[in-house]
Amino acid sequence: MCSAPSTHISVKRIFTSEAMQTIFPTIIISQAGGDPAVIFGASGLFLFGFTYLYVGINQLYSLPGDGLGWFSLFVAVCAIVFGTVFLVHFHDPVAAVMWYLWAVLWLLFFLVLGLHMDNLTIATGWFTLTVAHISATIPALLLLTGAFESTGSNALWMAAAGLAALVFSFVMGRRAASTAPVEVHTPVLQAS
């Protein structure tokens, strides 16, 4: 099996998916005609785009994750603001819960990458996997089928599913830690 070098994949990723996540919102905002709702909606994409760019650049240059971790803290705070604006100004409780779930996710990235809390790595992976479906895949499918409604009860269901995903993730992280092989260091005896 042939595989491409990781630098090739990183360069390709940076100039395709990550760059597009910053170019598209710029295009949307430039064509918004000053409409604050459109500008606000598109501006949130920058948080994802710059995060993905940061990941790609880290991978391309084999950089440590500290900077990305601290950037994730900034993004987590921004996500809380976005969620609150969606809730208070746009009266969209489901979008608010999505942003709050993403804030938790970025906070976990901060804890793992910025503060080096390696014991949370597996839980963060599980939460990333589960919250992606709760906050993006399922709502997208509902939107595509015309069945999406941003109601208080749907927001509560999403929040409950997010909380269950967080608990599940920590249980899985703890379980993996308890079944991990323990390294035994035996002293080397030197002949006298």
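The values are calculated or read from the model by the stated rules, or taken from the named source; none is laboratory data. Because the structure is a prediction, the values reported are computed rather than measured. When we count neighbours, we look across all protein chains shown, and the Cβ atoms used for this are built from the backbone with ideal geometry, even at glycine. Accessible surface areas use protein heavy atoms only, side chains included; no ligands, DNA or RNA. Shrake-Rupley method; radii C 1.70, N 1.55, O 1.52, S 1.80 Å.
Within the stretch 95-115, is there a residue that is more than 20 Å from M158 (Cβ to Cβ) and of a type in the set (G, A, S)?
yes
Using the structure shown, decide if L87 is within 30 Å of K12 (Cα to Cα) and either at pLDDT below 95 or of a type in the set (A, V, I, L, M) (or both).
Against the criterion (within 30 Å of K12 (Cα to Cα) and either at pLDDT below 95 or of a type in the set (A, V, I, L, M) (or both)), L87 does not qualify.
Evaluate the following for A103: is it open to solvent by less than 60 Å² (accessible area, probe 1.4 Å), in contact with a Gly (Cβ under 6 Å, 6 or more places away or on another chain), closer than 29 Å to M172 by Cβ and modelled with pLDDT of 95 or more?
Judged against the criteria, A103 is not a match.
Can you find a residue that is in contact with a Leu (Cβ under 6 Å, 6 or more places away or on another chain) and in a helix (DSSP H, G or I) anywhere in the stretch 131-146?
Scanning the stretch 131-146 turns up at least one residue that is in contact with a Leu (Cβ under 6 Å, 6 or more places away or on another chain) and in a helix (DSSP H, G or I).
Among the numbered conditions (1) polar (S, T, N, Q); (2) within 13 Å of the chain's Cα centre (by Cα); (3) open to solvent by 30 Å² or more (accessible area, probe 1.4 Å), tell me where S72 comes up short.
So the condition that S72 fails would be (3).
If P64 passes every condition in (1) under 27 Å from S169 (Cα atoms); (2) open to solvent by less than 30 Å² (accessible area, probe 1.4 Å); (3) not polar (S, T, N, Q); (4) not in a helix (DSSP H, G or I) but one, which one does it miss?
Condition not satisfied by P64: (2).
Answer yes if at least one residue in the stretch 112-125 is at pLDDT 95 or above, of a type in the set (A, V, I, L, M) and not in a helix (DSSP H, G or I), and no otherwise.
Yes - at least one qualifying residue is present in the stretch 112-125.
Of the residues that make up the stretch 140-154, is at least one modelled with pLDDT of 95 or more and in contact with a Phe, Trp or Tyr (Cβ under 7 Å, 6 or more places away or on another chain)?
Yes, the stretch 140-154 contains at least one residue that is modelled with pLDDT of 95 or more and in contact with a Phe, Trp or Tyr (Cβ under 7 Å, 6 or more places away or on another chain).
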